[in-house]
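Okay, structure first, notes after.
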Amino acid sequence: MKINTDGVLLGALAGTAEYSTILDIGTGTGVIALMLAQRFTYARIDAVEIDESAAITAENNFKGSPFADRLTLFPAGFEDFFGSYPDKKYDLIVSNPPFYINSLQSPGVKKNLAKHAGEGFFEGLVEGVSNHLTENGTCWLVLPIETAELVKTLAAQNQLYPQKIIKVYSFKNDEPHREVLALGFDAKQSEEEELVIYDEPKVYSGRYQEVLKEFLTIF
């Protein structure tokens, strides 16, 4: 679970401008935060991670990177982090959150923590985001399709609206399996895009390679 497609897509696609402040919720081993530090050269990035071993790995990865002076790791859940820093505001908030809502949980405790959540988790996440975004800030999430619909409903209840929706497909003729979703306070018509990962089995699409060529050595 150190690096996955969802995470690298979010790290490569999130945001469209230079930012001063960024928050990565559930940073895991720090991959998304590091990608954002590479993309946004002046941003200071806070990263929150509740799992102790993942947080230790993330902090070591941050310290060993060229961006160490702009990355700060907080070993806590987002609820405790927001409670401890009620006045912090961010231009960009990102999260690759747990997403199997009310489903049969896997036997491993750590895997449960990383991949499963109840609806209350997303209620707290969206409310926290709405209180900690700057006026023109955006929150970018990567979510399964059904979870994305729930999050859009919760977002509207917190005056957050889709700014951009990128539907992600494994193959061109498949149904989409993920949405990369940008939320903000502007209730404008959202932009919509599609991203196909594979042209054929084991052959990445040109678009996928273009998105990730600055981050993955295979491209």
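The values are calculated or read from the model by the stated rules, or taken from the named source; none is laboratory data. Everything numeric in this text was worked out from a predicted model, so none of it was measured. No Cβ is skipped: glycine too gets one built from the backbone with ideal geometry, and neighbour counts run over all protein chains shown. Accessible surface areas use protein heavy atoms only, side chains included; no ligands, DNA or RNA. Shrake-Rupley method; radii C 1.70, N 1.55, O 1.52, S 1.80 Å.
The table below gives the values:
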quantity: Hits in the stretch 151-173 (condition: within 20 Å of PRO98 (Cβ to Cβ) and either of a type in the set (Phe, Trp, Tyr) or surrounded by fewer than 14 Cβ atoms within 10 Å (Cβ to Cβ) (or both)); calculated: THR153
quantity: Inter-residue pairs, beta-carbon under 8 Å, first of a type in the set (Ser, Thr, Tyr) and in the stretch 57-86, second open to solvent by 60 Å² or more (accessible area, probe 1.4 Å), 6+ apart; calculated: THR57/LYS2; THR72/ARG44
quantity: Close pairs from the stretch 190-215: first free of Cβ contacts under 8 Å to residues at least 24 places away in the same chain, partner of a type in the set (D, E, K, R) and open to solvent by less than 100 Å² (accessible area, probe 1.4 Å), Cβ under 8 Å, at least 6 apart; calculated: none
quantity: The stretch 161-219, residues that are within 17 Å of the chain's Cα centre (by Cα) and closer than 15 Å to THR5 by Cβ; calculated: ILE166, LYS167, VAL168, HIS177, ARG178, GLU179, VAL180, LEU195, VAL211, LEU212, PHE215
quantity: Residue match in the stretch 53-67 (condition: open to solvent by 30 Å² or more (accessible area, probe 1.4 Å) and under 17 Å from the mean Cα position of the chain (by Cα)); calculated: no
quantity: Number of the exception - GLU200 against (1) more than 26 Å from ALA17 (Cβ to Cβ); (2) in contact with a helix residue (DSSP H, G or I) (Cβ under 7 Å, 6 or more places away or on another chain); (3) open to solvent by 50 Å² or more (accessible area, probe 1.4 Å); calculated: (2)
quantity: Subset tally (residues that are out of contact with any strand residue (DSSP E or B) (no Cβ under 7 Å at 6 or more places or on another chain) and aliphatic (A, V, I, L, M)) for the stretch 62-84; calculated: 1
quantity: Contacts under 6 angstrom Cβ, first residue in the stretch 164-178 being under 9 Å from VAL196 (Cα atoms), partner polar (S, T, N, Q) and open to solvent by 40 Å² or more (accessible area, probe 1.4 Å), 6 or more apart; calculated: none
